[in-house]
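Enquirer: Take this structure first; my questions come after.
The values are calculated or read from the model by the stated rules, or taken from the named source; none is laboratory data. Please read these numbers as outputs of a predicted model, since none were measured by experiment. In this analysis, Cβ positions are derived from the backbone assuming ideal geometry, glycine residues included, and neighbour counts consider all displayed protein chains.
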Amino acid sequence: MVFNTGAALLDAIVLAVVSKEPEGTYGYKITQEVRQVIELSESTLYPVLRRLQKDECLEVYDRECAGRNRRYYKVTSRGWAQLRLYESEWREYSDKITRLFEGRI
């Protein structure tokens, strides 16, 4: 893709992916789902997850899987509010760009 993905858009995408799993989900699965939309490396994902956790948008817990601990991420109430804001802002932004491309501005 020729367009850059800024921090806010990455946050929005990750929150949207994590929100689909009521009990939370883990990093590798998040990476795979995000990659269905944009190219993303795990080294890019984990700083996003840490930032969202620091901003209290995600809570983190560990669960055993095949004898190892796996870190899970779950959207908090603050994260849900942030996701709704991102969705609203995205719709407005994308509508404006679409109207511009279609010559309706």
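Enquirer: Restricting to region 42-61, name every residue that is within 12 Å of residue 10 (Cα to Cα) and free of Cβ contacts under 8 Å to residues at least 24 places away in the same chain.
Expert: Across region 42-61, the qualifying residues are 46, 47.
Enquirer: I'd like to verify a number: residues in region 36-56 that are modelled with pLDDT under 95 and either assigned to a loop (DSSP other than H, G, I, E, B) or touching a Leu at 6+ places or on another chain (Cβ under 6 Å) (or both), how many?
Expert: Within region 36-56, residues that are modelled with pLDDT under 95 and either assigned to a loop (DSSP other than H, G, I, E, B) or touching a Leu at 6+ places or on another chain (Cβ under 6 Å) (or both) number 6.
Enquirer: Being under 13 Å from residue 58 (Cα atoms) and acidic (Asp, Glu) is the filter here; which residues of region 8-48 pass it?
Expert: Matches in region 8-48: 11, 21, 23.
Per-residue answers, yes or no, for (1) under 15 Å from residue 75 (Cβ atoms); (2) in contact with a strand residue (DSSP E or B) (Cβ under 8 Å, 6 or more places away or on another chain):
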{"position": "2", "(1), (2)": "no, no"}
{"position": "5", "(1), (2)": "no, no"}
{"position": "11", "(1), (2)": "yes, no"}
{"position": "15", "(1), (2)": "yes, yes"}
{"position": "23", "(1), (2)": "yes, yes"}
{"position": "29", "(1), (2)": "yes, no"}
{"position": "39", "(1), (2)": "no, no"}
{"position": "42", "(1), (2)": "no, no"}
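Enquirer: Let me ask something else. Please enumerate the residues belonging to region 62-88 that are touching a residue at least 40 places away in the same chain (Cβ under 8 Å) and in a helix (DSSP H, G or I).
Expert: 79, 80, 82, 83, 86, 87
Enquirer: Can you confirm whether residue 34 is among the β-branched types (Val, Ile, Thr) and buried (at least 16 other Cβ atoms within 10 Å of the Cβ)?
Expert: yes
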